[in-house]
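Only one structure is covered here, and it is reproduced in the block below.
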Amino acid sequence: MAEFVRVTVVGPEDNAADVTAPLGRPVAEVVDQVAAVLGLDPSDETGWQFASVAAGPLAAHGKLSDYGVVDGDLLYIVPAASEVAAPEIFSAIDVVADYVEDDRRMWTGNARHSVVVGYAGMLVVVAAVAFAVTGGLVAGACAAAMGAFILATYAAPEPARHLVWITPICFAAASAAVFHASPWPQVVLATVGGGLCGIAITTFVLSPARWAIVASSSIAGGTAIAAVIAIRLGVNATALAAWISPVLVIGLACAGRLSVAWSGLGGVVARTEEESPAASYEAGRERPGRPEIVRRAVIATDLLDGIVWACCASAVGAVLVLAITGVWEQAAFGAYIGLAFLLRSRSFSEVRHVAPIIGVAVTSAFIVPVALIDQRIGESAPFITAAATMVIALLLGVIILFLGYFELPTVTGARLAQLWNIVDALVLLGLIPMLFWAQGIYQYILGTDLGR
């Protein structure tokens, strides 16, 4: 075993020295010599001591070998009377990772199963209502009760304090009631806007410090209400929904970068990672109970939540308007938007982000075929429309359950992910061309415009 070890010792003034120290001698015999090398006063009344990130302060009577010190290790020389329990390298990335891991529910296992069962339960309720319209009132009521039970068991939020979240539902219902006599587009947009405003108010009541969610929800809700007013003043609702849809997809794609940039988290992380070991040590010693990096991380996550939820809520409204009021090309564009959102969900890993994004895709996959069938049949055969709605809802529910519980082998999943990356890029590139096609711009240029 080697009798000496070569280490780097960092002083309190960001000065450092590479020294060779004996492993078998007491630390007290080495500290004063190293202090002199670093220009520190060995006779300082407080004295000096070594400290390491792994072991904390090294006792004066101990030996370097007792603390597992090896060649290339980094030691700090600090005042012996210092109240610092142990120096640490302050890493913003580690702090953010700990914050995320402690406060988040990831999109894996039981969480994924609960969400897909919840969506399946909602589709069962829709199918039950459609079945009741066809004449099966008793069976429809039973099926609706079963769907409600599924939702209550697997998808309901925690009771007690979370009951206040009924407020957004009340706001959405109130907005729908105000515009109930208006055409479909206005009812849908008013409902979405009211729900978002309700989310803003509820968040403000529960946690006023989460201003990012309050602000983003308020802006999105106010925008939806403004859209209703614009429609009442003569703006085409279907065209408005079509033109705003690509903006929502792009906003979702940039949500992560926007939240990090607007919160200042990126700059804090960059500055922290560029600090010298001594500066990092000082940051660790003086760090408050709720450090700046955690505050920035909270703001970033709140902004991300607000952007994702606002984009998803607005996209649901846009897809419904496109499918219900548009021609078949515009309904198909609504399905395209649902596909874009589904592919975007792969960029997120937390339930509160993935679930609403998938909700846009589920809404699109359900409402578009129902709307196309209704366009073909019209009011001449409501029984067939209701039956088709029931079949589509049940079939989609089965598909969702299968995809939610089915898992590919790791290698196959990785190869498929590469394919999805290509498809995702192509879908994003095709947003504007698909928008022009849905809005009849190509048809207008070719002289075959249908008057959209």
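For every residue, the table says whether it meets (1) part of a strand (DSSP E or B); (2) surrounded by fewer than 14 Cβ atoms within 10 Å (Cβ to Cβ); (3) of a type outside the set (A, V, I, L, M); (4) at pLDDT below 60.
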{"site": "PHE50", "(1), (2), (3), (4)": "yes, no, yes, no"}
{"site": "ASP66", "(1), (2), (3), (4)": "no, no, yes, no"}
{"site": "VAL78", "(1), (2), (3), (4)": "yes, no, no, no"}
{"site": "PRO87", "(1), (2), (3), (4)": "no, no, yes, yes"}
{"site": "ASP98", "(1), (2), (3), (4)": "no, yes, yes, no"}
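Is it the case, given these coordinates, that ALA36 is in the same structural domain as ASP73 (by TED's automatic domain parsing), within 16 Å of ALA80 (Cα to Cα), at pLDDT below 80 and surrounded by fewer than 13 Cβ atoms within 10 Å (Cβ to Cβ)? Answer is yes for this residue.
Only residues that are modelled with pLDDT of 80 or more and within 19 Å of the chain's Cα centre (by Cα): list them for region 200-213, please. Residue satisfying the conditions is ALA200 alone. Of the helices (runs of 4 or more DSSP H) lying entirely inside region 172-259, the ones with 2 or more residues being assigned by TED's automatic domain parsing to the domain that holds GLN439 are found at 237-253.
Condition check for VAL188 on (1) of a type in the set (Val, Ile, Thr); (2) under 18 Å from SER314 (Cα atoms); (3) surrounded by fewer than 21 Cβ atoms within 10 Å (Cβ to Cβ); (4) modelled with pLDDT under 75: one failure, at (3). Would region 299-320 turn up any residue that is under 21 Å from SER217 (Cα atoms), touching a Pro at 6+ places or on another chain (Cβ under 7 Å) and modelled with pLDDT under 85? Within region 299-320, one or more residues are under 21 Å from SER217 (Cα atoms), touching a Pro at 6+ places or on another chain (Cβ under 7 Å) and modelled with pLDDT under 85.
The set of residues in region 404-427 that are out of contact with any helix residue (DSSP H, G or I) (no Cβ under 7 Å at 6 or more places or on another chain) and within 23 Å of ALA355 (Cβ to Cβ) comprises PHE406, GLU407, GLY413, LEU416, ALA417, ASN421.
Taking the criterion of being loosely packed, with under 11 Cβ neighbours inside 10 Å and either of a type in the set (Gly, Ala, Ser) or within 21 Å of the chain's Cα centre (by Cα) (or both), the only residue of region 414-428 that qualifies is ALA414. For region 202-229, a residue qualifies if it is touching a Leu at 6+ places or on another chain (Cβ under 7 Å), among the aliphatic types (A, V, I, L, M) and more than 13 Å from LEU303 (Cα to Cα), and the qualifying residues are ALA224, ALA227, VAL228.
The values are calculated or read from the model by the stated rules, or taken from the named source; none is laboratory data. The structure displayed is predicted, hence computed values, not measured ones. Ideal geometry is used to build each Cβ from the backbone, glycine not excepted, and the neighbour counts take in all protein chains shown.
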